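Structure first, then comments.
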């Protein structure tokens, strides 16, 4: 009895097209040729994307067909490409025939996934090396200037004249796919390299609901660093709708051993910019009085944390628990030089509501906004909150008076 392979039993199989895939893979012709051969074998329109969502190759009948594949229109199927249980990308497919069998689809996607892994592996190795270097630099595991420059040379960046640090932070406000954080990284990298091609990037360490990216822009040109930051923000806003962004930029560190300091400056700037929709990009020089707290954060972060806990933290906890707006009210009140009417106008609410909230602030924190000392401590407490990177809760205010509960003031029983 003659045995046949699953491929040979697949109706409508074009063995010539299947041979074309293997030939393209074996010859190293590149992903576009591989995907075109795969489209012929599957009798389908295809778009190949990497795990960050970047398009690697297209085989479509028209620009409109391509757009519908990218938009995931009706009839488009998304196939996960995996190598050894690791996702390497996606293949979006619209079949043109009803005869494409699952065995052929599996065979073709396996071939395509293997080629994606082969082609993209060097880029991933380079990204891993950039990430390791940036993290070592910012944590001060490397402090010798000569070693920093040498390590930079290995990565293709010239740090002899120093550089700048950018920190970009993205929050998703729409349902997102699993790979959205790598997509933020790839988008930020693309924006920076459009201005300074040798920029390197890395995801920030630590778990967070946000995607945070660190970028090192080599060179001592402040104007180029500014343009790179602006390009990153434009690219993020254009490529990732449904997200909000904050971006901080350090001063130029002319000595590469000062890049650790530059990292702290960029982090401070992005913390201050967080939540400011009108000014999502902030340079360290624009942080004003916040700069005075940077040394406190570097030298004794525990003391800064204690000051925050004694001033604004009870308000943050209350807002988080009851979805009120005490922190935002205090910020607006101080911005309006203690004017209740101006605060009410800014927050689109009634003056009586503002007075009620300020009284609740006094009960929770023990600080009276009617006194100079109370206003100064609350102002510094808000700045400490930003420097520490604490995001103030926000949401629809459910005003008591009105019925929300109380959070006991610290020290009360």
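The values are calculated or read from the model by the stated rules, or taken from the named source; none is laboratory data. Predicted model, so just to flag it, every value in this text is computed and none were measured. Methodologically, a virtual Cβ is constructed for each residue, glycine included, from the backbone with ideal geometry; neighbour enumeration extends over all protein chains shown.
Numbers below:
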| read-out | value |
| --- | --- |
| Of all residues in segment 150-181 being part of a helix (DSSP H, G or I) and out of contact with any strand residue (DSSP E or B) (no Cβ under 8 Å at 6 or more places or on another chain), the one that is nearest to residue 51 (Cα to Cα) | 154 |
| Checklist (1) under 30 Å from residue 184 (Cα atoms); (2) in a helix (DSSP H, G or I); (3) out of contact with any helix residue (DSSP H, G or I) (no Cβ under 7 Å at 6 or more places or on another chain) applied to residue 111, failing item | (3) |
| Unique match (being surrounded by 20 or more Cβ atoms within 10 Å (Cβ to Cβ), under 12 Å from residue 168 (Cα atoms) and at pLDDT 95 or above) among 267, 247 | 247 |
| Matching residues, segment 76-101, being modelled with pLDDT under 80 and either more than 32 Å from the chain's Cα centre (by Cα) or in the same structural domain as residue 147 (by TED's automatic domain parsing) (or both) | 96, 97, 98, 99, 100, 101 |
| Looking only at segment 270-312, and only at residues there that are modelled with pLDDT under 80 and touching a strand residue (DSSP E or B) at 6+ places or on another chain (Cβ under 8 Å), the one that is surrounded by the fewest Cβ atoms within 10 Å (Cβ to Cβ) | 277 |
| Of all residues in segment 23-46 being modelled with pLDDT under 80 and surrounded by 13 or more Cβ atoms within 10 Å (Cβ to Cβ), the one that is nearest to residue 72 (Cα to Cα) | 30 |
| Selection status of residue 164, modelled with pLDDT of 90 or more and either under 19 Å from residue 251 (Cβ atoms) or surrounded by fewer than 15 Cβ atoms within 10 Å (Cβ to Cβ) (or both) | yes |
| Condition check for residue 209: closer than 18 Å to residue 254 by Cβ and surrounded by fewer than 17 Cβ atoms within 10 Å (Cβ to Cβ) | no |
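Listed here are the residues, each with its yes/no results for (1) surrounded by fewer than 17 Cβ atoms within 10 Å (Cβ to Cβ); (2) in contact (Cβ under 8 Å) with a residue 12 or more places away in the chain.
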{"position": "321", "(1), (2)": "yes, yes"}
{"position": "325", "(1), (2)": "no, yes"}
{"position": "331", "(1), (2)": "no, yes"}
{"position": "353", "(1), (2)": "no, yes"}
{"position": "373", "(1), (2)": "yes, no"}
{"position": "376", "(1), (2)": "yes, no"}
